[in-house]
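Only one structure is covered here, and it is reproduced in the block below.
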Amino acid sequence: MRKLASTISVILLGITIGFCQSNHSNSVNHSGHPVLSMATSPEASGFSSKRLARIDTALQEYVDKGRINGAVAMIVHEGKIVYYKNFGYNDIDTKAPLPKDGIFRIASQTKAITSVAVMMLYEEGKFMLDDPISNFIPEFKNPRVIDKYNKADTTYTTVPAKREITIRDLLTHTSGLGYAQIGSAEAKAIYAKAGVVGGIGVPNYILAEKMKILGTLPLFHQPGEKFTYGLNTDVLGYLVEVVSGMSLKDFFHKRIFEPLGMKDTYFYLPADKQKRLVMLYTEDSATKKLVKMNERVNVVNEMFRDYPNMKGTYYSGGAGLSSTIYDYAIFLQMLLNGGEYNGKRLLSHNSVRMMTMNQIGDISRGPNKFGLGFGITTEKGSAVLPTQEGTFEWGGMFSTTYWVDPKEKLIGLLYRNIWPTSWGNLGNLYKVLVYQAMNY
């Protein structure tokens, strides 16, 4: 009997351990890093349900007052999804709701993914960050900087750059490149004349061709001397293609999306997911009321509203992707975990550390700084909003935004698809509402 009792005890112990491990694996992997899972309650994850309801009130008020057609919001704390809600309409006219799993045009949120791809190749020893980009894209050899610009006919004179553009310059937006379609008047004019595009809503081009042209055009300041938001990450996307031998689309899917389980992130959506693309709204210039954006719109060059549903060939590393809020939360959790998610390591924790620290030194960027692909909150910047020093963040042209606060182990995302909007400050209001809901 004692032998039988002992055997039964061992069996029960094994079942108990197996059950615990099975449950544990839903939220933490074998490395001890969180994997996204729903919180049992906000209170169990350090948040107040009552105070989270203030987010409901604010976002619904924005819908009711016609400031936004709708939004999807998510809060993740220590890998637990504390808040995940949708508000408003995908179609204001029919009152069709904006779905939580809607696929949004994330535009410049693509930059963080391209930056991770670059750092993955850096970790493979393919290049050093201070290597000249011309080592890989010869058209960038011997860059020149604009000296005088004639607005009347868009002609200009140049002087030689003091040095070559480096990969680090591109990651930090200090190369001197401008932005086509949405940048300065000079950049828009010069790039439009040369046929260089911003990468948003322009499916029928080839990245390599446009980046080679860009390499022959002048810089708008000396490399490394200023922060100028520009086509830097598009150049990095082409660098990934040159070094890896894959298209940027294939690199993203094989090396990032598939390992992480990001099943709804694409440059161009497969046919079975095209109905999930959310509607893109804009403001009527006269009335400021929300209306659906025209299927084609002129942004210096033509932009197609529903470009993610087209069979495109242009893979913009700076602006081309569309995704769900859940997929992007997985990507951000990987970074918060120090480069690993669900047993798949994309980067070492020290590469993530480099990406999320000040990489521009004393170069001015308001109260905050910039890392390798992210805006970085400084101590001075942390006095402006509740985000802690060391928070890294960015957003997209069509009113999507995210941030990661490592000190709080917190991820916040707010997705809309509106451009332009008079209510751009909603992202900062959302931050305030997230932090005030903390109970710890």
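The values are calculated or read from the model by the stated rules, or taken from the named source; none is laboratory data. This is a predicted model, so every value here is computed, not measured. Note that we place each Cβ from the backbone using ideal geometry, even for glycine, and neighbour counts take in every protein chain shown.
If you filter segment 353-380 down to residues that are of a type outside the set (Ser, Thr, Tyr) and within 23 Å of residue 74 (Cα to Cα), you find that the one that is surrounded by the fewest Cβ atoms within 10 Å (Cβ to Cβ) is 375.
The criterion of being modelled with pLDDT of 95 or more, at positive phi and either within 16 Å of the chain's Cα centre (by Cα) or assigned by TED's automatic domain parsing to the domain that holds residue 92 (or both) does not hold for residue 375.
Looking only at segment 294-321, count every residue that is aliphatic (A, V, I, L, M) and modelled with pLDDT of 95 or more and tell me the total.
Start the filter on segment 294-321 by keeping residues that are aliphatic (A, V, I, L, M), which leaves 297, 299-300, 303, 310, 319, 321.
Subsequent filtering for residues that are modelled with pLDDT of 95 or more retains 310, 319, 321.
The total comes to 3.
Of everything listed in (1) within 24 Å of residue 337 (Cβ to Cβ); (2) modelled with pLDDT of 95 or more; (3) surrounded by 11 or more Cβ atoms within 10 Å (Cβ to Cβ), the single unmet condition for residue 28 is (2).
The rows are residues; the columns are (1) more than 27 Å from residue 67 (Cα to Cα); (2) buried (at least 17 other Cβ atoms within 10 Å of the Cβ); (3) not assigned by TED's automatic domain parsing to the domain that holds residue 106.
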| residue | (1), (2), (3) |
| --- | --- |
| 201 | no, yes, yes |
| 225 | yes, no, yes |
| 239 | yes, yes, yes |
| 269 | yes, yes, no |
| 284 | no, no, no |
| 291 | no, no, no |
| 298 | no, no, no |
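Every listed requirement among (1) surrounded by 15 or more Cβ atoms within 10 Å (Cβ to Cβ); (2) out of contact with any helix residue (DSSP H, G or I) (no Cβ under 9 Å at 6 or more places or on another chain); (3) hydrophobic (A, V, I, L, M, F, W, C); (4) more than 30 Å from residue 135 (Cβ to Cβ) is met by residue 262 save one, (2). All but one of (1) part of a strand (DSSP E or B); (2) without any contact (Cβ under 8 Å) to a residue 12 or more places away in the chain hold for residue 61; which doesn't? Among (1) part of a strand (DSSP E or B); (2) without any contact (Cβ under 8 Å) to a residue 12 or more places away in the chain, residue 61 violates only (1).
Each row is one residue, and each column tells you yes or no for (1) closer than 19 Å to residue 367 by Cα; (2) within 20 Å of the chain's Cα centre (by Cα); (3) aliphatic (A, V, I, L, M).
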{"site": "391", "(1), (2), (3)": "yes, yes, no"}
{"site": "413", "(1), (2), (3)": "no, yes, yes"}
{"site": "416", "(1), (2), (3)": "no, yes, no"}
{"site": "428", "(1), (2), (3)": "yes, yes, no"}
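Identification of strands (runs of 3 or more DSSP E) wholly contained in segment 285-342 with 3 or more residues that are over 24 Å from residue 394 (Cβ atoms) yields 290-292. Is it the case, given these coordinates, that residue 128 is hydrophobic (A, V, I, L, M, F, W, C), under 24 Å from the mean Cα position of the chain (by Cα) and surrounded by 14 or more Cβ atoms within 10 Å (Cβ to Cβ)? When the stated conditions are applied, residue 128 does not pass them.
Quick test for you: out of 263, 249, 275, pick the one residue that is assigned to a loop (DSSP other than H, G, I, E, B) and either at pLDDT 95 or above or under 16 Å from the mean Cα position of the chain (by Cα) (or both).
Details: 249 fails: assigned to a loop (DSSP other than H, G, I, E, B); 275 fails: assigned to a loop (DSSP other than H, G, I, E, B).
Selected residue: 263, the only one of 263, 249, 275 that is assigned to a loop (DSSP other than H, G, I, E, B) and either at pLDDT 95 or above or under 16 Å from the mean Cα position of the chain (by Cα) (or both).
Return the residues of segment 246-256 that are surrounded by fewer than 21 Cβ atoms within 10 Å (Cβ to Cβ) and more than 15 Å from residue 206 (Cα to Cα); say none if nothing qualifies. Of everything in segment 246-256, those that are surrounded by fewer than 21 Cβ atoms within 10 Å (Cβ to Cβ) and more than 15 Å from residue 206 (Cα to Cα) turn out to be 253, 254, 255, 256.
Within segment 398-434, being basic (Lys, Arg), surrounded by fewer than 24 Cβ atoms within 10 Å (Cβ to Cβ) and in contact (Cβ under 8 Å) with a residue 60 or more places away in the chain holds for one residue alone: 409. Selection of segment 91-124 for residues being hydrophobic (A, V, I, L, M, F, W, C), closer than 30 Å to residue 60 by Cβ and surrounded by fewer than 23 Cβ atoms within 10 Å (Cβ to Cβ) yields 92, 96.
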